[in-house]
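Asks: I am attaching a structure below and will ask some questions about it afterwards.
The values are calculated or read from the model by the stated rules, or taken from the named source; none is laboratory data. Small disclaimer: the values here were computed from a predicted structure and weren't measured. In this analysis, Cβ positions are derived from the backbone assuming ideal geometry, glycine residues included, and neighbour counts consider all displayed protein chains. Remember, those area values only see protein heavy atoms, side chains included, never the ligands or the DNA or RNA. Shrake-Rupley method; radii C 1.70, N 1.55, O 1.52, S 1.80 Å.
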Amino acid sequence: MAALPEPEAAGPGTATVFPRFPPLLDQHCHGVLRTGPDRATFEGWLTEAHIPQRPAASPGRERATTSFSYFDTQLGFAVRRWCAPVLGLEPHCAPHTYLERRAALGTAEVTGRLLRAAGISTYLVDTGVPGPLLTPGELAETAGAEAHEIVRLERLAERAADAARDASSFLAEVSDAVGESARTARGFKSVAAYRCGLDFDPVPPGAAEIHAAADRWLETRAPGGRLTDPVLVRHLLWSAVRTGLPLQLHTGFGDPDLRLDRCDPLLLTEFIRAVSPYGTPLVLLHCYPYHRGAGYLAAVFPHVYADFGLTLGHTGARARAVLAELLELTPFGKLLFSTDAYGIPELYLVGAQLFRQAMTELTGAWVERGEWSHKDARRVTGLVAGGTARRLYGL
Amino acid sequence: MAALPEPEAAGPGTATVFPRFPPLLDQHCHGVLRTGPDRATFEGWLTEAHIPQRPAASPGRERATTSFSYFDTQLGFAVRRWCAPVLGLEPHCAPHTYLERRAALGTAEVTGRLLRAAGISTYLVDTGVPGPLLTPGELAETAGAEAHEIVRLERLAERAADAARDASSFLAEVSDAVGESARTARGFKSVAAYRCGLDFDPVPPGAAEIHAAADRWLETRAPGGRLTDPVLVRHLLWSAVRTGLPLQLHTGFGDPDLRLDRCDPLLLTEFIRAVSPYGTPLVLLHCYPYHRGAGYLAAVFPHVYADFGLTLGHTGARARAVLAELLELTPFGKLLFSTDAYGIPELYLVGAQLFRQAMTELTGAWVERGEWSHKDARRVTGLVAGGTARRLYGL
Amino acid sequence: MAALPEPEAAGPGTATVFPRFPPLLDQHCHGVLRTGPDRATFEGWLTEAHIPQRPAASPGRERATTSFSYFDTQLGFAVRRWCAPVLGLEPHCAPHTYLERRAALGTAEVTGRLLRAAGISTYLVDTGVPGPLLTPGELAETAGAEAHEIVRLERLAERAADAARDASSFLAEVSDAVGESARTARGFKSVAAYRCGLDFDPVPPGAAEIHAAADRWLETRAPGGRLTDPVLVRHLLWSAVRTGLPLQLHTGFGDPDLRLDRCDPLLLTEFIRAVSPYGTPLVLLHCYPYHRGAGYLAAVFPHVYADFGLTLGHTGARARAVLAELLELTPFGKLLFSTDAYGIPELYLVGAQLFRQAMTELTGAWVERGEWSHKDARRVTGLVAGGTARRLYGL
């Protein structure tokens, strides 16, 4: 497969590689850093590990130090393969060459080039992550796209706690903020997976229970402290469910704050059943390595959708294989593209390219073997790329 | 790959596509509807979801309604690909064209064509499901095949409860019915996975415990009520184990009544150990997405077998990949073909075709690469297609 | 792909098949039998099942006996494919032909040929398994390679218990033996997965608790009895952690003594976190079918490594597919080759050949598609084959 052409010559390079691919709607992503990262910290954005560092060496033994690097991952290889040409370099150039070129061009130029090359027309931005990031509006302007907000519930509650006098004013502010978000945003997002695991009590907590939990949390909370109380997390989830807006839930892998085996989306089964009468769409994010279970949930519960989020970027050359597994049980009108990109614009381009490539090759092979028709392949590709999300989020 | 020829011209159309494939023994299936389904309800037979319906839409937002359909799944595409030609249509014709043709031909003609094209010579029919279905004998006659019965334990107990005066007469009737079934049927089937999950207490319940559970159930049971009491489910399992007949156990995915994470066949490990001294064969049905664990159990416990049931039909173009995973640890003499077909004859044809195609292509590739010999490939294919099942069920 | 040439003609036959493959460091294996096995017991070494036996037959039914054999597995096929040519036979010759030739050549000749053909330059030998086995030194001499010891913690404790007068002398001996092993061996190994499952309490047990557990165990222990007490297993793990040497942990499948669902490496998450401040490398062995979770742990915890052990040999023609899944999230400098070979030398050759073939084909395909560079493919192959292990174990 030919490398991406120089972007100077051909505009967003993706056009020539996947000429007829529909525009993408990235239904779950985050902002891009305003400045940097510098060379020393770039690797930190390539991994879900907390601090990129050399693997441990056994004490008391002499050994050669090695050049362990988070560039030595499928994601790192994919960045050098897909992003280097957009910065005017050969694919798979050395990491230091890539970082030098990146520094020479400057953050604004790099961000603009990579975002435009990603070919994403609409962003749904979860704004609840820390960092000096571009706002959704700035992201949209830089990319020549449009952007909408997804409100992260736990952040909403932490902001309310920062300002609250007591439990009553905290709960009132949460209620107001959820209601206001339902008017201005396109959906909600929860990281309950990180905060208390997905095996939480599926039913809505009672008013007294909520009040007591709020009291307890506000009393013991350090300034800026994270919400981990399961009663309050459940209260947030049910507050969001009652608005009827799509609710995105982190499932599957992420950074080491989570216990992966408590992020299996199947642990949400009872919650999914409890939400069913409300009809509120539940969107399972990422899902890996439990994506087949997520496909099952999307197949048997009409209000459940599956997304692949950071999975394709992090599995790189294996993205096609993982996407194929998601396409086993997930009904084709229930699968949603996203990048989960955060911090560096490379993650947008890599997520988009790997999806386009994987989807094109998978469906192409099925058509060639007579298992799918051409027409179906085009139609399903359009649904996953953004058609279903446009309907789901009312865009 | 060429479409199936018109069945009128070539008898069971499969012959020309997989010319030397051995006849199939479908070791786990259900009956076919006597009449219908009509166009409105056909989709319901394509999904394990309870009621086919449009995905939920967020209230309060205007949006275009879309044509969500359970035809938009790997199974739906496989039906259009493999069944349409047998009804004289182009592969991948539109769903409405398929349903119109189906209605024009009539149930009897459609059922006859599809069953004969499936190339299944023997059916083992679990008769414990509801619906106006063909009996095993009628199914056999329609298909030009033979059929034998598999008795579903929970249904046997529910029938006994319908007629019982008290716990003693209920338990006596269960005992008689199990004994009688062991003389007339080829094996037993349990849906313990649905009724109490596979993490049940692995040891046989005591007599007093069984009697108390029967009392309790008969007192509280609504007419026609399902058996979910774990003590009675265990009593049924152990009653079946003592007959020595093969015992089929639902594992893995199914309809949303089950909790998929409680259907992991590995949860049966202690039960498998407890059954070991009896030597009774245990057949793990379906298994997806826990099929690799099922392969492990078949590899290390001599009395355990694995089946793929509804998995191949529901994963369609991905059936080859899933079957390949089952062929990792499962000893080749421990893997059994079945369709789990229920209601519509399409499921027989799709299950059979996808298995023949997947097995032919997988083993063909391994032979081409020198990893398997031709002779082994033919022999193993014969075992999975029916050779092992014939021995196991004494046919 | 051409069969291996006759070893007489070409020395270690692997050279011509994978001409530029780096030498292998087998970071986890066991000894080879001094004599035998005879024809009747050879199959027992091809399976993790306890006793190779025919699958159970239903009593009371007449049926043909069949030739069920543990040769009818991916591992059995791989042995006939890769080892037969080294013994001067056609690939895929009949099992009885293979066993006759094996007997005619004699154990010493067979072992020598197969080990030299395996192309392994360094062995790390877990010496804590029973049987009349070659010592690491003998293994090294036979293979023309070098060997180092890995000390199995549970065996160390059992040896100490065999000689102990009381709990105090037992614990003192354990402490001495761990200290001595840290000077003479390259690492430790634990089979906690078998003995108490991986969901053990992650924190170090207290001194009093350890003493009480030792008392209890020594009082009730039959001569030669296995250590299964979770407090003592944890004490061993933490004793090893404090030495800083790499600690290998069995995870994933093995023989039926384990409960596979209690061997998911994700159950180690809290233990991994607790070990983190010590920096001691933790090596997750085997991992299948939980290898994607193992890859996640290696990705987010700097001191965690993943190995594939017995997985490639047992999955045979599917080794490439399984290795590909390990190469999704596992950082490329965190993945380690091993064979887990035990008893018969065939397992060394098969493990080595399947890895070389899988790695060559996977990376070759990625290079051809432009997803990896040639240079990276060579470099990563060298890391997995032994480069990372050499650094990790200080070789």
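Asks: Is there a residue being touching a residue at least 12 places away in the same chain (Cβ under 8 Å), more than 12 Å from chain C (Cβ to nearest Cβ) and outside any helix (DSSP H, G or I) anywhere in the stretch B:326-337? Even if it seems obvious, please write down each step before you answer.
Replies: Let us first name the residues in the stretch B:326-337 that are touching a residue at least 12 places away in the same chain (Cβ under 8 Å), namely B:326-337.
Imposing the further condition that a residue be more than 12 Å from chain C (Cβ to nearest Cβ) reduces the set to B:337.
Subset that is outside any helix (DSSP H, G or I): B:337.
Yes, the conditions are met somewhere in the stretch B:326-337.
Asks: Name the residue, out of A:Thr220, A:Thr228, that is free of Cβ contacts under 8 Å to residues at least 40 places away in the same chain, more than 13 Å from chain B (Cβ to nearest Cβ) and in contact with a Cys (Cβ under 9 Å, 6 or more places away or on another chain). I'd like the intermediate steps shown before the answer.
Replies: Numbers: A:Thr220 fails: in contact with a Cys (Cβ under 9 Å, 6 or more places away or on another chain).
Of the residues listed, the single one that is free of Cβ contacts under 8 Å to residues at least 40 places away in the same chain, more than 13 Å from chain B (Cβ to nearest Cβ) and in contact with a Cys (Cβ under 9 Å, 6 or more places away or on another chain) is A:Thr228.
Asks: Conditions first: (1) within 24 Å of B:Ala294 (Cα to Cα); (2) in a loop (DSSP other than H, G, I, E, B). C:Trp372 passes all but one, so which condition is the exception?
Replies: Tallying (1) within 24 Å of B:Ala294 (Cα to Cα); (2) in a loop (DSSP other than H, G, I, E, B), C:Trp372 fails exactly one: (1).
Asks: Right, something else. Tell me whether the stretch A:61-75 contains one or more residues that are open to solvent by less than 10 Å² (accessible area, probe 1.4 Å), assigned to a helix (DSSP H, G or I) and either modelled with pLDDT under 95 or in contact with a Phe, Trp or Tyr (Cβ under 9 Å, 6 or more places away or on another chain) (or both).
Replies: So the first thing to find is which residues in the stretch A:61-75 are open to solvent by less than 10 Å² (accessible area, probe 1.4 Å), and the list is A:70-71, A:74-75.
Then keep just the ones that are assigned to a helix (DSSP H, G or I); that gives A:74-75.
Those left that are additionally either modelled with pLDDT under 95 or in contact with a Phe, Trp or Tyr (Cβ under 9 Å, 6 or more places away or on another chain) (or both): A:74.
Yes, that holds for at least one residue.
Asks: Also, I was wondering about something else. For the stretch C:307-318, enumerate the residues that are within 11 Å of chain B (Cβ to nearest Cβ) and under 22 Å from A:Leu75 (Cβ atoms).
Replies: Once the filter is applied, which keeps residues that are within 11 Å of chain B (Cβ to nearest Cβ) and under 22 Å from A:Leu75 (Cβ atoms), the stretch C:307-318 yields nothing.
Asks: I've got another one for you. If you scan the stretch C:209-230, which residues turn out to be in contact with a helix residue (DSSP H, G or I) (Cβ under 9 Å, 6 or more places away or on another chain), open to solvent by 40 Å² or more (accessible area, probe 1.4 Å) and among the β-branched types (Val, Ile, Thr)?
Replies: The one that is in contact with a helix residue (DSSP H, G or I) (Cβ under 9 Å, 6 or more places away or on another chain), open to solvent by 40 Å² or more (accessible area, probe 1.4 Å) and among the β-branched types (Val, Ile, Thr): C:Thr228.
Asks: Output the residue which, of all residues in the stretch B:80-100 that are open to solvent by 50 Å² or more (accessible area, probe 1.4 Å) and charged (D, E, K, R), is nearest to B:Gly313 (Cα to Cα).
Replies: Step one: list which residues in the stretch B:80-100 are open to solvent by 50 Å² or more (accessible area, probe 1.4 Å), which gives B:90, B:96, B:100.
From what's left, charged (D, E, K, R): B:90, B:100.
Values: B:Glu90: 20, B:Glu100: 23 Å.
By that ranking, first place goes to B:Glu90.
Asks: May I pose another question? Of the residues in the stretch B:182-208, how many are touching a Phe, Trp or Tyr at 6+ places or on another chain (Cβ under 7 Å) and buried (at least 19 other Cβ atoms within 10 Å of the Cβ)?
Replies: Looking only at the stretch B:182-208, we keep the residues that are touching a Phe, Trp or Tyr at 6+ places or on another chain (Cβ under 7 Å), and these are B:186-187, B:192, B:202, B:204.
Subset that is buried (at least 19 other Cβ atoms within 10 Å of the Cβ): B:186-187, B:192.
Qualifying residue count, the stretch B:182-208: 3.
Asks: When you check B:Val233 against the structure, is it touching a Phe, Trp or Tyr at 6+ places or on another chain (Cβ under 8 Å), surrounded by 19 or more Cβ atoms within 10 Å (Cβ to Cβ) and free of Cβ contacts under 8 Å to residues at least 40 places away in the same chain, yes or no? Can you show your working first?
Replies: Details: touching a Phe, Trp or Tyr at 6+ places or on another chain (Cβ under 8 Å): yes; surrounded by 19 or more Cβ atoms within 10 Å (Cβ to Cβ): yes; free of Cβ contacts under 8 Å to residues at least 40 places away in the same chain: no.
When the stated conditions are applied, B:Val233 does not pass them.
Asks: On the basis of being at pLDDT 95 or above and either under 25 Å from the mean Cα position of the chain (by Cα) or of a type in the set (Asp, Glu) (or both), does C:Arg101 make the cut? Write out each step before concluding.
Replies: On the way: at pLDDT 95 or above: yes; either under 25 Å from the mean Cα position of the chain (by Cα) or of a type in the set (Asp, Glu) (or both): no.
No.
Asks: Taking the stretch A:101-136 as the search range and keeping residues that are in contact with an Asp or Glu (Cβ under 8 Å, 6 or more places away or on another chain) and part of a loop (DSSP other than H, G, I, E, B), which one is most open to solvent (accessible area, probe 1.4 Å)?
Replies: A:Thr127
Asks: Here is a follow-up. Say we look at the stretch C:349-395 and pick out the residues that are of a type in the set (Lys, Arg) and more than 16 Å from C:Leu326 (Cβ to Cβ); which of these is farthest from the other protein chains (Cβ to nearest Cβ)? Quick ask: steps written out before the conclusion?
Replies: As a first pass, look at the stretch C:349-395 and keep what is of a type in the set (Lys, Arg): C:356, C:369, C:375, C:378-379, C:390-391.
Restricting the remaining residues to those that are more than 16 Å from C:Leu326 (Cβ to Cβ) gives C:369, C:375, C:378-379, C:390-391.
Working: C:Arg369: 6, C:Lys375: 8, C:Arg378: 13, C:Arg379: 8, C:Arg390: 8, C:Arg391: 5 Å.
Taking the candidates together, the pick is C:Arg378.
Asks: Does B:Ala164 fit the bill of being open to solvent by 20 Å² or more (accessible area, probe 1.4 Å) and of a type outside the set (D, E, K, R)? Talk me through it step by step, then tell me what you get.
Replies: On the way: open to solvent by 20 Å² or more (accessible area, probe 1.4 Å): yes; of a type outside the set (D, E, K, R): yes.
Judged against the criteria, B:Ala164 is a match.
Asks: Considering only the stretch B:341-348, I want to know if a residue exists there that is among the β-branched types (Val, Ile, Thr), more than 10 Å from every other protein chain (Cβ to nearest Cβ) and open to solvent by less than 10 Å² (accessible area, probe 1.4 Å). If you could, list the steps in order and put the result at the bottom.
Replies: Kept after step one, since they are among the β-branched types (Val, Ile, Thr), are these residues of the stretch B:341-348: B:344.
Adding the requirement that they be more than 10 Å from every other protein chain (Cβ to nearest Cβ) leaves B:344.
Now drop any that are not open to solvent by less than 10 Å² (accessible area, probe 1.4 Å), which leaves B:344.
Scanning the stretch B:341-348, I find at least one residue that is among the β-branched types (Val, Ile, Thr), more than 10 Å from every other protein chain (Cβ to nearest Cβ) and open to solvent by less than 10 Å² (accessible area, probe 1.4 Å), so the answer is yes.
Asks: Out of all the residues in the stretch B:255-293, which are at positive phi and either in contact (Cβ under 8 Å) with a residue 40 or more places away in the chain or away from chain A (no Cβ under 14 Å) (or both)? Write out each step before concluding.
Replies: Residues of the stretch B:255-293 at positive phi: B:279, B:286-287.
Those that are at positive phi and either in contact (Cβ under 8 Å) with a residue 40 or more places away in the chain or away from chain A (no Cβ under 14 Å) (or both): B:Gly279, B:His286.
Asks: Filter the stretch A:378-395 down to the residues that are open to solvent by 10 Å² or more (accessible area, probe 1.4 Å) and within 24 Å of B:Phe71 (Cβ to Cβ) and list them by number. Write out each step before concluding.
Replies: Within the stretch A:378-395, the first condition is being open to solvent by 10 Å² or more (accessible area, probe 1.4 Å), and the residues that meet it are A:378-379, A:381-383, A:387, A:390-391, A:394-395.
The answer is A:Arg378, A:Arg379, A:Thr381, A:Gly382, A:Leu383, A:Gly387, A:Arg390, A:Arg391.
Asks: Checking the condition farther than 24 Å from B:Gly279 by Cα, at the interface with chain C (Cβ under 10 Å from one of its Cβ atoms) and over 17 Å from the mean Cα position of the chain (by Cα), which residue from B:Ala321, B:Ala298 passes?
Replies: On the way: B:Ala298 fails: farther than 24 Å from B:Gly279 by Cα.
Of B:Ala321, B:Ala298, the one residue that is farther than 24 Å from B:Gly279 by Cα, at the interface with chain C (Cβ under 10 Å from one of its Cβ atoms) and over 17 Å from the mean Cα position of the chain (by Cα) is B:Ala321.
Asks: Let me ask something else about it. Based on this model, can you work out whether C:Glu158 counts as of a type in the set (Asp, Glu), open to solvent by less than 70 Å² (accessible area, probe 1.4 Å), assigned by the TED database to the domain that holds C:Ala352 and under 13 Å from C:Leu237 (Cα atoms)? Let's see the steps before the verdict.
Replies: On the way: of a type in the set (Asp, Glu): yes; open to solvent by less than 70 Å² (accessible area, probe 1.4 Å): yes; assigned by the TED database to the domain that holds C:Ala352: yes; under 13 Å from C:Leu237 (Cα atoms): no.
No, not satisfied.
Asks: Restricting to the stretch C:150-194, what's the tally of residues that are touching a residue at least 60 places away in the same chain (Cβ under 8 Å) and aromatic (Phe, Trp, Tyr)?
Replies: Result for the stretch C:150-194: 2.
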